[in-house]
Amino acid sequence: MVERTPADSSLTAVALTRVPDLPRWIDTRGMLLSGRAAVYAPAAPGGAIPGVVVVVPDSALASIVGRPSERAIVDIIATLSGDVNVLAQMEDADYVGRALAEWRQQRAIVHVLPEGMPWEAQVDPHTRVFTLASAPRFDHVPELLRRELLDALRGRTVSRFVPGALPPSGGLVSRIRVPMAAVWADGRPVSFCYPVWQTETLWDVSIETLEPYRRRGLGARAARTLIRHMRGTGRAPVWGALEINAGSRALAARLGFLETAGVAVFTEA
């Protein structure tokens, strides 16, 4: 039997005990704390729960915690629509890969930032941090990105390792406030940084820059601005990037991030 529960249920609390507040778990713990997730707990014979599946349907995102039955993994993932990303810890990647045998597996690298970087005491010019109530106009931003930014400010953060089609919003809004930093050029915001997921002590970095303004260092400026702001909330940044995403990993390195753990990412082939 596969059990589904709301995000604030006792089962979610149990899931949180299996998902520590560590960088490699930033996505999963952030999902659980967001108020947008559902938790499935397939019971093994005898009633033990060998693993759980955490899903955020309107992000087409799932995370496998432990080793629920392969059949349960397949059945639960089949309930999601859109271009689904499935996450698993590297120690469970082979097991999940057997369940999702026709799916493509990639490795994402998790990066962390040491405290006290020299630029943290500085202020980047032409930047601002805002929330939905104080957000600038995004009329100049292409439609898909404009929708992503506005959804993020409303609490529906949908950035994933492998982008793709998303289902319509399920109406669940994050219970966690989402700030955003932007860099201004030519009198308008052109580069943006926001937290995809937040935990008690961590946040997951997402950066978007308008095409004509790329390769000017504006994404780094937006990231530095939000990192300073989030330090004030007691949260440290976590930077996740696919192993093949050389550009993202290079930007992380320029900012001073260090590579730590890996996470397996599955997408339909």
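The values are calculated or read from the model by the stated rules, or taken from the named source; none is laboratory data. All figures in this text were calculated on a predicted structure; none of them were measured in a lab. Neighbour counts run over all protein chains shown; Cβ positions are idealised from the backbone, glycine included. In case anyone asks, the SASA skips ligands and DNA or RNA and just uses the protein heavy atoms, side chains included. Shrake-Rupley method; radii C 1.70, N 1.55, O 1.52, S 1.80 Å.
Of the listed requirements (1) modelled with pLDDT under 95; (2) assigned to a strand (DSSP E or B), R177 misses just one: (2). Could you tell me whether T225 is out of contact with any helix residue (DSSP H, G or I) (no Cβ under 9 Å at 6 or more places or on another chain), open to solvent by 10 Å² or more (accessible area, probe 1.4 Å), under 23 Å from A121 (Cα atoms) and outside any loop (DSSP other than H, G, I, E, B)? When the stated conditions are applied, T225 passes them. Considering (1) in contact (Cβ under 8 Å) with a residue 24 or more places away in the chain; (2) more than 20 Å from H126 (Cα to Cα); (3) open to solvent by 10 Å² or more (accessible area, probe 1.4 Å), the lone condition that A246 does not fulfil carries the number (1). On inspection, E102 fails the criterion of being farther than 25 Å from I244 by Cβ and open to solvent by 20 Å² or more (accessible area, probe 1.4 Å). Summed over the range 141-170, residues that are touching a helix residue (DSSP H, G or I) at 6+ places or on another chain (Cβ under 9 Å) and within 20 Å of P212 (Cα to Cα) total 2. For L202, all conditions in the list (1) of a type in the set (A, V, I, L, M, F, W, C); (2) open to solvent by less than 40 Å² (accessible area, probe 1.4 Å); (3) farther than 30 Å from E91 by Cα hold save one; what is the number of the exception? Among (1) of a type in the set (A, V, I, L, M, F, W, C); (2) open to solvent by less than 40 Å² (accessible area, probe 1.4 Å); (3) farther than 30 Å from E91 by Cα, L202 violates only (3).
May I ask you to verify whether E115 is open to solvent by 10 Å² or more (accessible area, probe 1.4 Å), modelled with pLDDT of 95 or more, of a type in the set (D, E, K, R) and farther than 19 Å from A13 by Cβ? No; evaluated as a whole, the condition is false for this residue.
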